[in-house]
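The values are calculated or read from the model by the stated rules, or taken from the named source; none is laboratory data. Please read all numbers here as calculations on a predicted model, not as lab measurements. So basically every Cβ, Gly included, is an ideal-geometry build from the backbone, and we count neighbours across all protein chains shown.
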Amino acid sequence: MFGWSEDYFESLEHPDRCEVKKIILTKDHVFKLESQMRKFNPYTNTKYILRKKK
């Protein structure tokens with residue numbers, strides 16, 4: 001939908017509870033996030049398990 005690669009998508013952090021991410025449709029008919037997503041930091045998440053690449 002946004003043209004993100006799988007690696008980029010997997011690097012993003014999940015939104016917090018009740019956090020709203022607004023998707024808008026521009027005049028050029030392109031979907032865009034109104035606010036940025038946070039990058040995931042495995043060093044701050046003690047429950048992080050590295051996903052094996054295929």
Which of the following residues is surrounded by 10 or more Cβ atoms within 10 Å (Cβ to Cβ), in contact with a strand residue (DSSP E or B) (Cβ under 7 Å, 6 or more places away or on another chain), assigned to a loop (DSSP other than H, G, I, E, B) and modelled with pLDDT of 85 or more: K21, K32?
K21
Please specify each residue of region 7-18 satisfying the condition of being part of a loop (DSSP other than H, G, I, E, B) and under 15 Å from the mean Cα position of the chain (by Cα).
S11, E13, H14, P15, D16, R17
Could you grab me the full set of residues in region 36-48 that are surrounded by 10 or more Cβ atoms within 10 Å (Cβ to Cβ) and within 14 Å of the chain's Cα centre (by Cα)?
M37, R38, F40, N41
